[in-house]
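Novice: Mind having a look at this structure? Questions to follow.
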Amino acid sequence: MTTHGGGGEYKDLVVFLAAAGVVVPLFNRLKISPVLGFLAAGVLLGPDGLARWADSMPWLSYLTISDASQIRSLSELGVAFLLFMIGLELSWERLKAMRKLVFGLGLSQVALCTVVLAALFMVMGQSLVSAAVLGMGLALSSTAVVMPVMAERGRLGGATGRATFSILLAQDLVVAPILITVTVLAAMAQEGATPAGEFDPSVLGPALFTLIPAAIGLALIVILGRLVLRPMFRSVAKARSKGQGQEMFVAASLLVVVGAGLAAQAAGLSMSLGALVAGLLLAETEFRREVEVSIEPFKGLLLGVFFVGVGIGLDIDAVVADPLAVFGLALGLTLLKALLIYGVARLWGVKNRNAIETALVLGPAGEFAFVILGAGMVEGIASHEFTRTVMLAATISIFTVPFMAMLADRLVRQVAPVTPDLPVEALEPKSADGQVLIVGFGRVGRLVGEMLTEHGQTFLAVDANASTVARGRDEGSNVVYGDAGRHEMLERCGIDKARAVVVTMDAPAKVDEVVVAVRAARPDLILIARARDSRHAERLYRLGVTDAVPETTEASLQLAENTLVDLGVPMGQVLASIHERRDRFRKLFQDAMPDGEAARRPRALRSTVRR
């Protein structure tokens, strides 16, 4: 295969990777969303950007993407990964806690924006079916852009963040039904042989009949997923415990995403829908957090391919040819959608200040607009020329999300902060707050968990042995599979909200690794670790544990206690002497730390040790 400029068949992919390594870090340094960096890179490096001058300056062919089709398949995989991650992040508990905002506010926004936008497009001369597709596509907002922008501005934890996330979550949930609806509309148009995609109710029955294979395929994916996924990942986890490496989990995760996507395509559905179902199925297993950690490095890169493709799709010549139409449509659609979202938010009890911020950041179009509108054009039910103009306007509107956030700040700056009166259901579940994290759920970890439960303390256990995790979950314990020595895994387990961490593993090197990772994440956290012997205990204190419990010392004290009690020494005296001796050992271990190190430890930890 020969490419323009002789850069080789993978030249465009190399250019994309270079852009990811140069352009995106630059945007990060400027505190601009990396998604906008990928979009800008696509515009700059695409056929309508610098590549247009490659004929006169051949060296530019080595620095530009001359054939967008080379990254098209990876772009589709990026969308599939996005939906896969959305599926992993969903849970029945989360949906239940936010059900009023998600299924009330969120679905109301989607429905209202779809109807109003579709009516507007019909006034502009589009057929009912074409207008419906355009309305559904533009009713959605950009999760990938809005969430980072909100996080950068510290808005996710407040009322605005909760309302925004609820709407985005509802939008993510309706992507699959919208894609199915597009398929139904296409089948109806084909069966009725109506011009320009006009709606013919008489063909509704045959059109729905065409979805039977898709429904069967989807059911098979769900059934096979429930039967295969957990045993497959248990097998991978066992192989990993035997030294096969982290790449096994990455390979298995990629297999699930691509395999489910291809299975969905074979059933007549979209690859994205298959990936979403796979994510939902994996979210129910104990391997969810480890899968998230394993594919995290790939998620941003594959999504970057998608957004570069979106940027490449921005036809600059078309924009220049009629800038008033494109920019006017982008501005009009964004403001109309923002106005509708503001009204719906106010109807559902969101305060004025929060409703303004939510409406402005969600006003621009989203990444799934291109998927839905593209599907409409492929199915032949959306006008190609007009839809391309709408997609240009949608692309431009995505670029405005950070600026809409800045505008929201200015508009609400003079408004005094108010106490949000969102329903209780809008709040995140509190069960994960203040829990104890147990690392290692073998014999010792299980006993610690039982004692915590007996005294009304919640815990989450993490273990890298799949059999141990399965046994714990069968017993009803809150146990997940993963390597707690990785910072990413600790974050997934809520280290920022944990009250304490107890490390119970019997491998000293691994205990040290976990202690270092935990202390790096939370210097102020209560950290208690199991030690092999007195030397190991001294090393753990140097690493910053609150308490180290050496096996040999505790076994000796337990033997002494039982012996003294059996000899008739009063229990009170025995316990007092055992506690005194334990405190003496602890002081000896701490005295072995380098001079001044104990003084540098957090005050909360020093006071805990004294107690």
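Novice: Do you know which residues across region 317-330 are surrounded by 15 or more Cβ atoms within 10 Å (Cβ to Cβ), among the aliphatic types (A, V, I, L, M) and either within 14 Å of THR400 (Cβ to Cβ) or modelled with pLDDT of 85 or more (or both)?
Specialist: VAL326, LEU329, ALA330
Novice: Right, next: Going by what's in this entry, would GLY304 be described as surrounded by 21 or more Cβ atoms within 10 Å (Cβ to Cβ), assigned to a helix (DSSP H, G or I) and modelled with pLDDT under 80?
Specialist: When the stated conditions are applied, GLY304 passes them.
Novice: State all residues of region 436-450 that are of a type in the set (A, V, I, L, M, F, W, C) and either under 13 Å from THR285 (Cα atoms) or outside any helix (DSSP H, G or I) (or both); if no residue qualifies, say none.
Specialist: VAL436, LEU437, ILE438, VAL439, PHE441
Novice: Can you tell which of ILE372, ILE398 is surrounded by 15 or more Cβ atoms within 10 Å (Cβ to Cβ), closer than 18 Å to PHE121 by Cβ and under 24 Å from the mean Cα position of the chain (by Cα)?
Specialist: ILE372
Novice: Right, another one. Pairs please, first residue from region 451-471 and within 12 Å of GLU286 (Cα to Cα), second anywhere and in a loop (DSSP other than H, G, I, E, B) and charged (D, E, K, R), Cβ atoms under 9 Å, 6+ apart in sequence or on different chains.
Specialist: Sorted first by the residue in region 451-471, then by its partner, the pairs are VAL462/ASP483; ALA464/ASP483; ALA466/GLU286; VAL469/GLU286; ALA470/GLU286.
Novice: Could you go through region 280-291 and let me know if any residue there is of a type in the set (Gly, Ala, Ser) and buried (at least 22 other Cβ atoms within 10 Å of the Cβ).
Specialist: no
Novice: Among the candidates ALA275, ALA252, ALA267, which residue alone is surrounded by 14 or more Cβ atoms within 10 Å (Cβ to Cβ), in contact with a Leu (Cβ under 7 Å, 6 or more places away or on another chain) and at pLDDT 80 or above?
Specialist: Result of the check over ALA275, ALA252, ALA267: ALA275.
Novice: Looking at ASP512, ASP483, which is the one that is of a type outside the set (A, V, I, L, M, F, W, C), closer than 23 Å to PHE459 by Cβ and touching a residue at least 60 places away in the same chain (Cβ under 8 Å)?
Specialist: ASP483
Novice: From VAL174, VAL133, which residue is buried (at least 24 other Cβ atoms within 10 Å of the Cβ) and in a helix (DSSP H, G or I)?
Specialist: Just a single option satisfies the conditions, and that option is VAL133.
Novice: Please tell me if THR143 is crowded, with 18+ Cβ neighbours inside 10 Å, polar (S, T, N, Q) and either at positive phi or modelled with pLDDT under 80 (or both).
Specialist: Yes: the conditions hold for THR143.
Novice: Which residues, taken from region 527-557, are among the acidic types (Asp, Glu) and either more than 38 Å from the chain's Cα centre (by Cα) or not assigned by TED's automatic domain parsing to the domain that holds ASP583 (or both)?
Specialist: Result: ASP533, GLU538, GLU551, GLU554.
Novice: Could you tell me whether region 378-388 includes any residue that is in the same structural domain as MET124 (by TED's automatic domain parsing), assigned to a helix (DSSP H, G or I), in contact with an Asp or Glu (Cβ under 8 Å, 6 or more places away or on another chain) and at pLDDT 80 or above?
Specialist: Within region 378-388, one or more residues are in the same structural domain as MET124 (by TED's automatic domain parsing), assigned to a helix (DSSP H, G or I), in contact with an Asp or Glu (Cβ under 8 Å, 6 or more places away or on another chain) and at pLDDT 80 or above.
Novice: Answer yes or no as to whether GLY476 is of a type outside the set (D, E, K, R) and farther than 23 Å from GLU89 by Cβ.
Specialist: It is true that GLY476 is of a type outside the set (D, E, K, R) and farther than 23 Å from GLU89 by Cβ.
Novice: Condition first: under 21 Å from the mean Cα position of the chain (by Cα) and either closer than 23 Å to ILE178 by Cβ or of a type in the set (Ser, Thr, Tyr) (or both). Can you find one or more residues in region 317-333 that meet it?
Specialist: Within region 317-333, none of the residues are under 21 Å from the mean Cα position of the chain (by Cα) and either closer than 23 Å to ILE178 by Cβ or of a type in the set (Ser, Thr, Tyr) (or both).
Novice: Can you tell me which residue among VAL448, VAL469, VAL479 is modelled with pLDDT of 85 or more, in contact with a Lys or Arg (Cβ under 8 Å, 6 or more places away or on another chain), surrounded by 15 or more Cβ atoms within 10 Å (Cβ to Cβ) and not assigned by TED's automatic domain parsing to the domain that holds ARG234?
Specialist: From the options VAL448, VAL469, VAL479, the qualifying one is VAL479.
Novice: In addition: Given (1) of a type in the set (A, V, I, L, M, F, W, C); (2) closer than 21 Å to ALA283 by Cβ; (3) at pLDDT 85 or above, where does VAL501 come up short, assuming only one miss?
Specialist: (2)
Novice: Tell me which residues, restricted to region 495-547, are β-branched (Val, Ile, Thr) and not in a strand (DSSP E or B).
Specialist: Those that are β-branched (Val, Ile, Thr) and not in a strand (DSSP E or B): ILE495, THR504, VAL511, VAL514, VAL515, VAL516, VAL518, VAL545, THR546.
Novice: When you go through ALA355, ALA365, ALA369 one by one, which is the residue that is in a helix (DSSP H, G or I), assigned by TED's automatic domain parsing to the domain that holds GLN171 and within 20 Å of VAL35 (Cα to Cα)?
Specialist: ALA369
Novice: Shifting gears a bit: Which members of region 451-466 meet the condition of being among the charged types (D, E, K, R) and at pLDDT below 85?
Specialist: Once the filter is applied, which keeps residues that are among the charged types (D, E, K, R) and at pLDDT below 85, region 451-466 yields only GLU454.
The values are calculated or read from the model by the stated rules, or taken from the named source; none is laboratory data. All of these numbers come straight from a predicted model, not from anything done at the bench. Counting neighbours? That spans all protein chains shown, and the Cβs are built from the backbone with ideal geometry, glycine included.
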